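Read the structure below first, then the notes.
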Amino acid sequence: MNVKTFEQVKDEVIGLRGTERRDALERELEALRLGIQIRNAREKQNITQEELAERIDKKRTFISRIENDGSNLTIKTLIDIVEKGLGGKLTISIDA
């Protein structure tokens with residue numbers, strides 16, 4: 001039986017680390033994870049998208065877009081969402 005790790009499967013299906021396609025897909029996945037984290041934090045506080053949007057002076061549709069794909073999000077807006085909108089503290093780490 002030929003058992004493969006998840007990393008081996010990803011290498012075969014979407015390409016090796018460092019390739020353009022793999023890097024692009026992993027960035028999209030991180031953006032999606034970020035959107036899900038924002039949604040989970042908002043729901044945990046029983047805040048609607050509309051309420052969160054008002055707190056950071058944005059539209060509800062903007063919050064929806066961020067929660068659904070997390071793309072096109074500036075660091076400033078992310079800080080506003082987390083700190084002003086959700087009352088949390090943003091921590092960013094860099095893996096080099």
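The values are calculated or read from the model by the stated rules, or taken from the named source; none is laboratory data. Given the structure is predicted, the values throughout are model-derived calculations rather than measurements. As a convention, Cβ positions derive from the backbone with ideal geometry for all residues, glycine included, and neighbour counts pool all protein chains shown. Heavy atoms of the whole protein, side chains included, go into the accessibility calculation; ligands, DNA and RNA do not. Shrake-Rupley method; radii C 1.70, N 1.55, O 1.52, S 1.80 Å.
Relative to the longest principal axis of the Cα atoms of the chain, helix 60-69 runs at roughly 20 degrees.
Cross-link reach is defined here as a Cα-Cα straight distance under 12 Å, omitting same-chain residues fewer than 8 places apart; for LYS10 the aspartates and glutamates meeting it are ASP23, GLU26. Taking every alpha-carbon pair under 8 Å whose residues sit at least 6 apart, the chain reaches a relative contact order of 23 percent. Remark: region 5-96 projects, on average over all directions, an area of 7.0 nm² (convex hull of Cα atoms). Go through LEU32, ASN2, LEU86 and say which Cα lies farthest out towards the positive end of the charge dipole of the chain; charges sit on Cβ, +1 for Lys and Arg, -1 for Asp and Glu. Projecting each Cα onto the dipole axis, the largest value belongs to LEU86. In the chain, the longest principal axis of the Cα atoms and the axis of helix 20-44 are about 40 degrees apart. In the full protein context, region 2-96 carries 74 Å² of accessible surface per residue, based on a 1.4 Å probe and ignoring ligands, DNA and RNA.
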